[in-house]
1. Looking at residue A:84 and the list (1) within 11 Å of chain B (Cβ to nearest Cβ); (2) closer than 17 Å to residue A:374 by Cα; (3) surrounded by 24 or more Cβ atoms within 10 Å (Cβ to Cβ), which single condition is not satisfied?
2. Going by what's in this entry, would residue C:67 be described as touching a helix residue (DSSP H, G or I) at 6+ places or on another chain (Cβ under 8 Å), closer than 17 Å to residue C:116 by Cβ and within 11 Å of chain B (Cβ to nearest Cβ)?
3. Filter segment B:141-166 down to the residues that are away from every other protein chain (no Cβ under 13 Å) and not in a loop (DSSP other than H, G, I, E, B), then identify the one that is farthest from residue B:281 (Cα to Cα).
4. So residue A:33 fits all but one of (1) touching a residue at least 40 places away in the same chain (Cβ under 8 Å); (2) within 23 Å of residue A:15 (Cβ to Cβ); what number is the exception?
5. For segment C:182-212, enumerate the residues that are in a helix (DSSP H, G or I) and either in the same structural domain as residue C:69 (by TED's automatic domain parsing) or surrounded by fewer than 22 Cβ atoms within 10 Å (Cβ to Cβ) (or both).
6. For segment B:272-295, enumerate the residues that are touching a residue at least 24 places away in the same chain (Cβ under 8 Å) and assigned to a helix (DSSP H, G or I).
7. Please state which one of C:229, C:249, C:213, C:219 is more than 19 Å from residue C:331 (Cα to Cα), in contact with a helix residue (DSSP H, G or I) (Cβ under 8 Å, 6 or more places away or on another chain) and modelled with pLDDT under 95.
8. Do you know which of the residues in segment B:334-346 that are surrounded by fewer than 21 Cβ atoms within 10 Å (Cβ to Cβ) and in contact with a strand residue (DSSP E or B) (Cβ under 7 Å, 6 or more places away or on another chain) is nearest to residue B:200 (Cα to Cα)?
């Protein structure tokens, strides 16, 4: 057996797992051991894929995806994860369905689940609603399962909500762990999550929230920076502060960009909408008020423009401790896809390896989330797969 | 072997099967033994899925779906059925295809079938045309197969036409059979299929037609109720009358809702468009006459409104013999998704277990239809799968 | 072992293969041995499918398709090919993705490739750009692979570009080979590729280019006929002339339709846009100039109309040597889907077997392209699969 896989399986054996039969909605609902297990399983799956070892555990079965917003990365990551485990993927395209005809969430959730093993949901357009919707789906399939309507309860996986973006933040953590050679090396490392200027609006808050909600558990010195008015959800900020205290790290909020990046080991400069904008937007979207949305966009872009200097460029990068540059992609890149953006062209191009490998963890993180919720003894199963070493591609 | 599966395999052995290599377009084109076999295979597949036993018979292969109307339940049921047997699903989205460029049905049918094993078609928008289209596809692949163009002839499955909705009515029969403990207990049971008020228009007639076309073969006392003007296709009514006579049951049409429900053992109150509306609508759809369609909708809704009291509520339910409430879903529910609908909120909520399990049979009914048309000796094959008991999810 | 498969495997053993790890973008970038190998593998796969022998070599994996134009045949052919080898298919629908948000080709290509084995791209709308885009994707995944971002480099397959349409031309060659009983019989055979009138505009040039770019390598006497102004890309014409010389065949261009068909053994009468129209159209498409596009269409249709007599009908067919009629479909058929088209109804209908079987090779040609680029020793692997003769459909 490959040494890396062996080592990681050994680490996995030390952990107390509690993800079997559970949804994955918010990282902070998971024990630290479960977080660590998800990373380890993701890394093992990645190593297996690299070594052409089959990871299939389902002979047949369906993964259902529901995307209420456009998506490339997350869509392909979810499809890849399902495929790697042997599940077919069926997208619930709400435009092609009869959902508009007054179907309830409970009904739809059960109707798509008779033979479904996983339901992945991206719902980040509506602040205060995305997480709620995912819980409605989870409750609905729980109801169906308890009543004997469903033979098995599909696992609900949050592919981005208004609150958290766990498949992203867990991929980020995979990357940080890999970069610094282990979670044990993160204690005391300075992580800066900063708002950055973008000529677009309505970007969800959940990427930043996901990061502060996860990284504060690992003893890091976490700084959140943004112009006034671009606050995150207050309870996530509170949670981050509490967790930082418990983990022996820290959590600070500043409105001074340069101060924020001083001495940082890891940086994530990324745009998001202001809180107030998201609330107005949600109401206008619900009302179908196109003119209002246009008007709000104009206002919002004007508001953003006041902070056009919040760009991550070589001058800002020079303040850091040769920081790892992170971005969930796609980025607004000055001089490439916009006049002024989140990051300078030079910095973005210099860090392609890092942002691309950061993204490369997402498919295996989702694979790990599904596997850990579906398999009773994941260590035994992974060991069996690794030992069998059945070829994924039967290439002689 | 699980006792239920064993018992059902034994029952299956007693039947004369003739579905191999055949399409499934109308239930009344099938022998009663084939109907019974489809139910039994569906039930065995359901039991296998519940027991985590793999049902895959294809190593590779494609199921093609063509949906000419929105769909959630049927789309996911077809995808689940294909997946359970090992087929990938490819949707023929007519908007993304070149069909508009003057391709004939014969051509398209052959072009998508070189490696296809099944073609599922929903085409219920156009009265007098849906069934015809499905037969054109069936003839086209027959032509291709006979000419040596296609190696295998894909099975055509009716996922709803203007005439019948066999995957629905067969699921309904699964539910009724389960509820009363066997087909032999249906003799003399009173089934009421009733029109119900809905604030929408253009709902297909084929759900009701499918029910009277199937249930009259089982010795049931079938009543069809609707306001004057909401007639079903005359030849389906005639067929129902003939079949009822042969099976020792009865078939009556009434325009008095309360009379219809008196003493019923099973009820299906469900809206459909009036016949005349469907014909006008078809012509307007073909002409692309949006203004005409709007006007027709208005007229039709006004027409419906005259029968707003055709609601299934506790008062009506009290007339029945504690009837099983059925609905193909989604329903128009008074006070939930409309002001006045087909059913009261209270009644609908009290019967969720029944309507949801009714729907739960659809994926396995479709699986059974495919399996019976593809496998020469289905009893032997199912026995082999059940005995092998390969895990669907290799969960240790 | 089946004699046909055995014979073809023997032929395959004689060839020098160099497709492992390579993209398939233009047939003329491939050695003649690779072309022959692709045909042979396609024929073996077809025979295996016919004999119900499983062709799966992937336990899991993804084929990604990118269609920048509508497609039925190619979409289903690609999906069938992926499925036959065990790959799931995921379509990159640019409307549902975030590509509009300023993502670069390099980024998208890597983001969809973490677990992808093949990327099929149809991009023929924009002259001078489709091939370039496919090479950008190929370079991007090469970059990702070399940097260690991707574990495996997905193979890029041209599903139609502005320059070539290799999955079409290779299917055409399969058909021609089959019709004349072997490639060795093509020497001296007269092939006429002719422009034909169509009441539509903007049809890509790459079908005709693909044919002259491939068939001139086989010693055929190739004639290209079109009205003045409907030239193909000049460098493809030059290439065809050079190749014809080398192969002992010939390549001639004429503007006289009747002369072109005189004594032809194979004909492909097919419409395409004039070069100038395609260039104007590209600019208008980029500018999003809908009014300009309408205007151009009008002009172009008027231009086409001057050549309305370029129809393939029984009078023209009589000039040929009882020629094999070919068309990539769908065709514009006089009196069937248009008033005046590329071919008379009578001729089209008389040749359905030929045009349909011509199309039937596309799924297996794509299967062969993938297999040859993924499997190190394709002869050994195919021999193993054929000997194992695992049933595709476990039909007792």
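The values are calculated or read from the model by the stated rules, or taken from the named source; none is laboratory data. What you see is a predicted model; the values in this text were computed from it and never measured. Every residue, glycine as well, gets a Cβ built from its backbone with ideal geometry; the counts of neighbours run over all protein chains shown.
1. Here residue A:84 clears every test but (1).
2. Working: touching a helix residue (DSSP H, G or I) at 6+ places or on another chain (Cβ under 8 Å): yes; closer than 17 Å to residue C:116 by Cβ: yes; within 11 Å of chain B (Cβ to nearest Cβ): yes.
Spelling it out, residue C:67 is indeed touching a helix residue (DSSP H, G or I) at 6+ places or on another chain (Cβ under 8 Å), closer than 17 Å to residue C:116 by Cβ and within 11 Å of chain B (Cβ to nearest Cβ).
3. If we filter segment B:141-166 for residues that are away from every other protein chain (no Cβ under 13 Å), which is where we start, we get B:142, B:156-159, B:161-166.
Filter once more, so that each one left must be not in a loop (DSSP other than H, G, I, E, B): B:142, B:156-158, B:166.
Details: B:142: 32, B:156: 27, B:157: 25, B:158: 22, B:166: 24 Å.
Among residues in segment B:141-166 that are away from every other protein chain (no Cβ under 13 Å) and not in a loop (DSSP other than H, G, I, E, B), the one farthest from residue B:281 (Cα to Cα) is B:142.
4. (1)
5. First, the residues of segment C:182-212 that are in a helix (DSSP H, G or I): C:183-185, C:206-212.
Hits for segment C:182-212 are C:183, C:184, C:185.
6. Start the filter on segment B:272-295 by keeping residues that are touching a residue at least 24 places away in the same chain (Cβ under 8 Å), which leaves B:272-279, B:281-282, B:285-286.
Once the filter is applied, which keeps residues that are touching a residue at least 24 places away in the same chain (Cβ under 8 Å) and assigned to a helix (DSSP H, G or I), segment B:272-295 yields B:275, B:276, B:277, B:278, B:279, B:281, B:282, B:285, B:286.
7. Working: C:249 fails: modelled with pLDDT under 95; C:213 fails: modelled with pLDDT under 95; C:219 fails: modelled with pLDDT under 95.
Criteria check complete, one pass: C:229.
8. Our first condition is that a residue be surrounded by fewer than 21 Cβ atoms within 10 Å (Cβ to Cβ); within segment B:334-346, this holds for B:335-340, B:345-346.
If we keep only those that are in contact with a strand residue (DSSP E or B) (Cβ under 7 Å, 6 or more places away or on another chain) as well, we get B:340, B:345.
Working: B:340: 11, B:345: 17 Å.
Only one residue fits best here, namely B:340.
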